[in-house]
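One structure is given here, and the rest of the page talks about it.
The values are calculated or read from the model by the stated rules, or taken from the named source; none is laboratory data. Just so we're clear, the structure is a prediction, and the values are computed from it rather than from any experiment. As a convention, Cβ positions derive from the backbone with ideal geometry for all residues, glycine included, and neighbour counts pool all protein chains shown.
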Amino acid sequence: MTVGVSLAAADVRHPFRSGFTLDVPRIEVPAGTTLALLGPSGSGKSTLLAVLGLLQTPARGRVLLDGEEVSTRDRRARLAMAAVFQRPYLFKGTVAANVEYGLSLRKVAREKRAQRVEMALERVGLAGFAARSVATLSGGEAQRVALARALVLEPRVLLLDEPLASLDPLLSRRLAADFATILRQDGVTVVWVTHDHDEARAVADDVAVMNAGQVVAHGPSADVMTLPADEWTAEFLGMEPPGHGVVTEAGEGLVHIACGAATEIVAAASYEPGTRVIFAVPPEDVLLATADARVGPLSARNRLRGTVVRIEPRGATWRVVAKVGETSLASMVSRAALDEMGLRVGEAAQVVFKATAVRVAAE
Amino acid sequence: MRIYADAVIEGWRLLASGALDVWTIVLASLRVSGAATSIALLFGVPLGYWLGTRRSVARHVALVFANTGMGLPPVAVGLVVAMTLSRRGPLGDLGLLYSQTAMVIAQLIIATPVIVAVTAAAVSAVPRELRLQARSLGASPFHEMLLTVREARMGLVAAVAAGFGAIISEVGAVQMVGGNLAGETRVMTTAIVQFTRMGRYGHALALAAILVGIVLAVNVLLTAVQTSAERHEAGLR
């Protein structure tokens, strides 16, 4: 198992030709964890990755490896890292020649190289592929070779720039799970660039959402992915914008949040009365019913009345959005349930959720 | 048509009997052009790599020069080299005029731009990300160059073929700086010119056949290398 190191960047500024500037005052990846840099195309995430991976020198800023400042000229630091990009970029020749490339740069003895190559290929599910020409590989196999080529170096930091983006969705999901398992076993520090929320959720401990060169949200995956910091982040993550409110009562681990004229929700959180907060409820924790139905677990403290404003297909289910006061809350509903309830846009509905389902943060 | 038949018969007789000292001339040609191509590769490949991988105004200007250099008239090169090495020229003291060294210098000037331009084209076709990938695995700038050149090796074979082809068949420059001295600076092209002037078509034709044969053999060899590399890359054996 590799011993990961902490990786950080501070005061990074780098102008882009497109006009905006990568501007990251500070970002940190604790040792042995995976940080997903999530954002739309052109948001600067790949450039930030290149800066963190010592592949590009920013106009300004510092990169810290285990607290020590390092640069693109620091070969020792660079040898502690490895990267896998969106396309595998395999070198012409055999699979073995590709996987052992970094080892030969590190002057590892030939016999050891062969052993490590074989082990790395086995780990990515390509045992017996060593002698194959890279020209004969499928897209998924090629990407696995690219991962093996990086893993064989036992890097302390692994940089992954949309490593699954060029693959079909099925293969991409399967490889995401495989990659995440392998990386957790290795204990390596990982920066994973992606524009796919599900991929980020599947692989990352922490998530940093980027927009126009800036990190607009950064924190544990469970927080960032369930409580968007602002309207843009919510829209990007395919969520409803966060609700805004003021804590009116607090006690016994619960707060009452006033959000609009006659709406109050109860959340499991600890904030002083008067604190302005944002909140959100994950769609999978929201139960929706017709206005007159008796539903929901008895322990659900929040039973609000709202109006259905949107019904959108989301794969096998439907996403129904109800407006409660000024706040939009979404729920995932099966096709059968939607038909049974007969809910239509503009109709009244009950929105039910537990206090523990509400994610709250100070504004 | 008789002129051709006579020349062919005479040429064949000369080659078969060994009366014509062909091999001295052939060896001189191969030595001069081989040396010029090798040195041109030594300079041309790194320069071509630099031109093919950089994105700057200087790169564009240098590329224009290299492309223009590909069309340099050999006689112009011969003239400048001859003037430079002549007794009154800046390098006249070296006494190199009418030597194989002077011929290598002239051919080097002709071959280098060809190799630079072809290498630059081949290298620029290698994705920039491949170098970035190598860098991310710990490659130094030198390793990056080695890898890129290896990836562009098909183009490099073309560069060798183009460079060698441009000078082995060239006559103007070598004539001017070499002087066609028998046993020293007489190469196939200058000998062919001389025999033709003297009306000894059989001699000229025999040498021309060998020259074509050498060019053909070099290209067959390089094509075999290319094909074998292609098959290897495609995973065929």
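Side notes on the structure shown:
- Counted residues, segment A:117-140 - those being within 14 Å of another protein chain (Cβ to nearest Cβ) and either part of a loop (DSSP other than H, G, I, E, B) or surrounded by fewer than 19 Cβ atoms within 10 Å (Cβ to Cβ) (or both): 8
- Residue A:58 meets the conditions (1) in contact with a helix residue (DSSP H, G or I) (Cβ under 6 Å, 6 or more places away or on another chain); (2) part of a helix (DSSP H, G or I); (3) more than 10 Å from chain B (Cβ to nearest Cβ); (4) farther than 28 Å from residue A:170 by Cβ in every case but one. The failed one is (2).
Yes/no matrix, rows are residues, columns are (1) part of a helix (DSSP H, G or I); (2) surrounded by fewer than 19 Cβ atoms within 10 Å (Cβ to Cβ); (3) under 19 Å from the mean Cα position of the chain (by Cα):
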| residue | (1), (2), (3) |
| --- | --- |
| B:146 | yes, yes, no |
| B:164 | yes, no, yes |
| B:173 | yes, no, yes |
| B:176 | yes, no, yes |
| B:190 | yes, no, yes |
| B:196 | yes, yes, no |
| B:199 | no, yes, no |
| B:215 | yes, yes, yes |
| B:225 | yes, yes, yes |
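- Segment A:272-290 residues that are without any contact (Cβ under 8 Å) to a residue 40 or more places away in the chain, paired with ones that are loosely packed, with under 15 Cβ neighbours inside 10 Å (beta carbon under 8 Å, 6 or more apart): A:273/A:248; A:273/A:249
- Within segment A:253-270, the set of residues being among the β-branched types (Val, Ile, Thr) and not in a loop (DSSP other than H, G, I, E, B) comprises A:255, A:257, A:265, A:266.
- Just one of the listed residues (A:65, A:126, A:121, A:137) is among the hydrophobic types (A, V, I, L, M, F, W, C) and closer than 29 Å to residue A:9 by Cβ, and it is A:65.
- Qualifying position, being in a loop (DSSP other than H, G, I, E, B) and of a type in the set (A, V, I, L, M), among A:229, A:222, A:250: A:229
- Candidates B:204, B:182, filtered to the one that is of a type outside the set (Lys, Arg), surrounded by fewer than 19 Cβ atoms within 10 Å (Cβ to Cβ), within 24 Å of the chain's Cα centre (by Cα) and modelled with pLDDT under 90: B:182
- Unique residue being modelled with pLDDT under 90, within 27 Å of residue A:193 (Cβ to Cβ) and in contact with a strand residue (DSSP E or B) (Cβ under 9 Å, 6 or more places away or on another chain) when the list is A:171, A:167, A:151, A:158: A:151
- Candidate set from segment A:1-55 (those that are assigned to a loop (DSSP other than H, G, I, E, B) and free of Cβ contacts under 8 Å to residues at least 24 places away in the same chain); member that is surrounded by the fewest Cβ atoms within 10 Å (Cβ to Cβ): A:17
- Within segment B:138-159, the set of residues being away from chain A (no Cβ under 11 Å) and at pLDDT below 90 comprises B:155, B:156, B:157, B:158, B:159.
- Residues that are within 12 Å of chain B (Cβ to nearest Cβ) and β-branched (Val, Ile, Thr), drawn from segment A:61-87: A:72, A:84
- Residue check, residue A:317 free of Cβ contacts under 8 Å to residues at least 60 places away in the same chain and surrounded by 15 or more Cβ atoms within 10 Å (Cβ to Cβ): yes
- Any hit, segment A:176-187, residues being surrounded by 19 or more Cβ atoms within 10 Å (Cβ to Cβ), under 21 Å from residue A:49 (Cα atoms) and within 14 Å of chain B (Cβ to nearest Cβ): no
- Residue count for segment B:99-137 satisfying the condition of being within 14 Å of chain A (Cβ to nearest Cβ) and hydroxyl-bearing (Ser, Thr, Tyr): 1.
- The residue that is nearest to the other protein chains (Cβ to nearest Cβ), counting only those in segment A:88-112 that are over 14 Å from residue A:148 (Cα atoms) and part of a loop (DSSP other than H, G, I, E, B), is A:92.
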